[in-house]
Amino acid sequence: MSSTKNVSQSCHVRIAAENCCSQQQQVEADDGPTLTSTATTTLSISESKELTGLTHECGVFGAIACGDWPTQIDIAHVICLGLVALQHRGQESAGIVTSEGKSSKNFNVHKGMGMISTLFNDDSIKKLRGNLGIGHTRYSTAGGSESVNCQPFVVHTAHGTMALAHNGELVNNESLRREVLGRGVGLSTHSDSELIAQSLCCAPEGVSEHNGPNWPARIRHFMTLAPLSYSLVIMLKDKIYGVRDTYGNRPLCIGKIVPINSGHTSNSTETPADGWVVSSESCGFLSIGARYEREVEPGEIVELTRNGYRTVDIVERPDFKRMAFCIFEYVYFARGDSIFEGQMVYSVRLECGRQLWREAPVEADIVSSVPESGTAAAHGYARESNLEFAEVLCRNRYVGRTFIQPSTRLRQLGVAKKFGALSENVTGKRLVLIDDSIVRGNTIGPIIKLLRDAGAREVHIRIASPPLQYACYMGINIPTREELIANQMNAQQLARHVGADSLAYLSVAGLVQTVQRKHIASTKPTGHCTACLTGEYPGGLPDELSW
């Protein structure tokens, strides 16, 4: 069994010049930046990951109070609740960094391995008192599942402290790493998020900074060096920058914190702002008293201050390149109540189910889903087919991972610890079971057996996305091509392999059509990354790291 070690500490941190910028002078401890830090570390949890499906990405969140400071808004608590709403995007580590807005040397930091509920409590939130802050919940892509890679990253520049949180993965990690190392900058991790932070520490050539750092110019320079994939929140002493790559591959949106008694209004411009938030998804806005404002546009750099937010720059992508928002945000990653491109994720998944019936109808008695990921699509399939929707699987919400290996017989029945079958809804029925995706294919077979043991007469599998055939290099941990079951078997072969009466996927064209249906009459440019489905990578394939 793994053990957990909790460490609380307050420390004065001195960062040597080579760890930040070659032109930065080394700061003596008495005058150096002060980080009030509490950290929690655990053993690496990578060994306990279940090799069943996709692993999520990361979530970023930032909040700033409007008006006079110190604010009456509990910014640290707002960020913590925002991260709880983004917990589905990463469960390995989390962190929050706050600033009171007075000093460029004093940031409050708390981060570590584990879930948000175990990392943050009343004491840690009190130590994070501030008027602005950013947070991060992480699943590791570049850089391992270790405490050294916990975000937000905090670095000390010649102009004060900077904190950064990143969702995504740099496709040109290697070339940017060479560029940063070539300046004499030292890197302490393999995380591309640290690489981004360090690349922002030095001003680009030709940019005058006699009156202080030009952060928008620094961010723009980084964006020209690294086309994708990232959404960033960057915090300085008294402002936050929200940044989205020029392809719009990773999501980012803005919300307005409104007075507690403002209620619902269709015209949020009439409601005064108590503060502003920027987040990977909008799903947590209502729970923190915020209202969805809009998305950060691809290539946009947004600056948030106590006076509001404004666009400070937009970096254009090449004319021959299309927008490439990750289509699997709609299929799997995002929470159903999030809004992307003017539409709620739940509604898109519902429509995917409708399209799935049009493409792959079947004679059946009831439609159901693998909870909860396939439920929205199952409702769409049922409505389009005029079949009854009925729950057939009951999820056990209290299953924990175990390192005790059961007997072969119990291992073969392993799905039983996650699901129970509602036999009264199943017995004698021909059922259609909807799931959002199949990755390795080692879960659906035991579920089918469970349903047959409960009395199902026929089990037809319908998948509300196309077959996954390619790896992702932009922040999603999709397994190697050899591990993806769709590269080993076609739909008919897989149906026989897992014991289904039939199996069919939604087509790529059907998925794209469904996602873009609201944009057909719009002049707003759109485009979606389907690399994991088609092998067409918007930014090309990454180079292998040389160290």
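The values are calculated or read from the model by the stated rules, or taken from the named source; none is laboratory data. As the structure is a computational prediction, the values presented were derived from the model and not from experiment. Reconstructed Cβ throughout: ideal geometry from the backbone, glycine too, with neighbour counts over all protein chains shown. Ligands, DNA and RNA are excluded from the accessible area calculation, which covers all protein heavy atoms including side chains. Shrake-Rupley method; radii C 1.70, N 1.55, O 1.52, S 1.80 Å.
Within region 262-310, the set of residues being open to solvent by 10 Å² or more (accessible area, probe 1.4 Å), of a type in the set (A, V, I, L, M) and touching a residue at least 12 places away in the same chain (Cβ under 8 Å) comprises A273, I288. Scanning region 496-509 for residues that are surrounded by 20 or more Cβ atoms within 10 Å (Cβ to Cβ) and assigned to a helix (DSSP H, G or I) turns up just one, V498. Residues in region 335-374 that are β-branched (V, I, T) and over 21 Å from the mean Cα position of the chain (by Cα) were compared, and the one that is modelled with the lowest pLDDT is V370.
Any idea which of R306, R250 is more than 18 Å from L132 (Cβ to Cβ), modelled with pLDDT of 95 or more and not polar (S, T, N, Q)?
On inspection, the qualifying residue turns out to be R250.
Just to be sure before I move on: is I461 modelled with pLDDT under 95, within 26 Å of E384 (Cα to Cα) and not polar (S, T, N, Q) in the structure I sent? No: the conditions fail for I461. Take the conditions (1) closer than 19 Å to T375 by Cα; (2) of a type outside the set (G, A, S); (3) touching a Leu at 6+ places or on another chain (Cβ under 9 Å); Y470 misses just one of them, which is (1). Filter region 57-77 down to residues that are buried (at least 24 other Cβ atoms within 10 Å of the Cβ) and farther than 15 Å from I125 by Cβ and give me whichever is modelled with the lowest pLDDT. For region 57-77, the residue satisfying everything is E57.
Yes or no, residue by residue, for (1) within 20 Å of the chain's Cα centre (by Cα); (2) under 30 Å from D68 (Cβ atoms); (3) open to solvent by 40 Å² or more (accessible area, probe 1.4 Å):
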site: N108; (1), (2), (3): no, yes, no
site: L119; (1), (2), (3): yes, no, no
site: I134; (1), (2), (3): yes, yes, no
site: V171; (1), (2), (3): yes, no, no
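Those residues that are free of Cβ contacts under 8 Å to residues at least 40 places away in the same chain and surrounded by 16 or more Cβ atoms within 10 Å (Cβ to Cβ), I need them from region 224-261; list them, please. Result: G255, K256, V258. Under the condition of being outside any loop (DSSP other than H, G, I, E, B), touching a residue at least 60 places away in the same chain (Cβ under 8 Å) and among the hydrophobic types (A, V, I, L, M, F, W, C), the residues counted in region 358-377 number 3.
Each row is one residue, and each column tells you yes or no for (1) crowded, with 18+ Cβ neighbours inside 10 Å; (2) of a type in the set (D, E, K, R); (3) more than 20 Å from T375 (Cα to Cα).
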{"residue": "V439", "(1), (2), (3)": "yes, no, no"}
{"residue": "T443", "(1), (2), (3)": "yes, no, no"}
{"residue": "I448", "(1), (2), (3)": "yes, no, no"}
{"residue": "A456", "(1), (2), (3)": "yes, no, no"}
{"residue": "I476", "(1), (2), (3)": "yes, no, yes"}
{"residue": "N487", "(1), (2), (3)": "no, no, yes"}
{"residue": "L511", "(1), (2), (3)": "yes, no, no"}
{"residue": "E536", "(1), (2), (3)": "no, yes, yes"}
